[in-house]
Amino acid sequence: MNQIAQIIDTINNELNEQADPDYRELIRTRYHMNVDNFLGVRTPKIRKIANEYYKSIKSEQIDKRLEFCGDLLETKIYEHKIIAFHWAYRSRKDFELKHLDLFSTWLKIYVDDWIDCDDLCTHVIGEFFLRYPQRASEVRLWTSSSNKWCRRGAAVSLVLPVRKGDQLDLAMQVADLLLTDEEDLVRKGYGWLLKVASKTYPEEIFQFVMERREKIPRVALRYAIEKLPAKQKSLAMKKN
C-alpha cells in the first residue's frame, strides 16, 4: 500500500469512528442533500482530522500535495472532499499560476452540492485569485457552463477578492452574465457576491441593481441589497 493509500485508510477509520447517523439524517432533511456518500461527520471534526494528517504531507512538493488531494477526491466521499479542499487551502502559499486549471477541473468533476462549491471556491480558488489576479477574468467563461456549480463558482470564487477590495468590475460583469440564470443557487451565489461588494462599494452596487431592477430575480436582489442603507433597500425593492 502506497503512502497516500495508507493515509486515506487511516483517515477513513477515524472518520467512521466519528460518524453520527443522526447528523447525516439532519443534513439530508435540512439541506435536501443526497447523503449516499456522506459518512455523517461534523465539519469541525473533519477539519481537525485534516489538520492532523496534513502534517504527513506538508513536506512534499506542491504538485504532490495536490495529487494527494486528487486521490481523496476520487473516492467521492463527502468528508474526503472537505479534507482535500482543506489540504489545498493549507498549501495556498505555494500555489503556482498553472494550478487554476486543476482547481477548475475539481469544480467541474467533483463538486455536486453548494457546500462543496463554496468550500472550494471561496477558500482555494479565492486565495488563488488573490495571488494571481491576472487569471481571475477566466471565471467569465464559467458563467456559460452547463454545470450549475461552475456557474455558481464563477461568482463565489470572487467573494474573497472582492472582500479585499479587488475585482469589483469583474464581479459586476459576472453578475450581469448570470443575471437571469434559471438556478436558484446560482442567483443566490451572485447575490451574495454583490452583497459582499456592497460593504465597500455601496453606491456602485446600488446603481448596478437599480439599472437592472426590472430583470434581476427577487432572490438575488434581496441578497445583493441586504447591507445597503434602509432608504436604498426600499428604493431597490419598490415595485413599479
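Values quoted throughout were computed directly from the atomic coordinates according to the rules given, and no laboratory measurement underlies them. Note that this is a predicted model, so its numbers are computed, not measured. When we count neighbours, we look across all protein chains shown, and the Cβ atoms used for this are built from the backbone with ideal geometry, even at glycine.
Table for the structure above
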item: Under 19 Å from the Cα of Lys238 - aspartates and glutamates, other chains or at least 8 residues apart; result: Glu203, Glu204, Glu211, Glu214, Glu226
item: When each of Lys81/Lys108; Lys55/Lys93; Lys45/Lys81; Lys93/Lys199 is checked by Cα-Cα distance, pairs over 20 Å; result: Lys93/Lys199
item: Kirkwood Rh, angstrom, the stretch 10-122 [1 / mean 1/r, Cα pairs]; result: 14.5 Å
item: Calculated FRET value between Ser59 and Thr200, using beta carbons and R₀ = 25 Å, to 0.05; result: 0.05
item: Given charges at Cβ of Lys, Arg, Asp, Glu: the stretch 103-173 dipole, positive-most of Leu120, Leu130, Leu141; result: Leu141
item: Label-point separation, Lys108 to Ser234 (7 Å along Cα→Cβ), nm; result: 4.9 nm
item: Coil-residue trypsin sites (Lys or Arg not before Pro) of the stretch 88-121, DSSP, other Cβ within 10 Å capped at 15; result: Lys98
item: Alpha-carbon centroids, the stretch 197-224 and the stretch 150-191: separation in whole Å; result: 12 Å
item: Label-to-label distance, nm, for residues given as Asn147 and Asn16 (7 Å Cα→Cβ offset); result: 3.0 nm
item: Relative contact order (percent, whole number), the chain, Cα cutoff 8 Å, 6+ residue spacing; result: 11 percent
item: For the stretch 135-240, Kirkwood radius (reciprocal of mean inverse C-alpha pair distance, Å); result: 13.3 Å
item: Cross-link pairs beyond the 22 Å C-alpha cut-off, checked among Lys76/Lys195; Lys64/Lys164; Lys148/Lys188; result: Lys76/Lys195; Lys64/Lys164
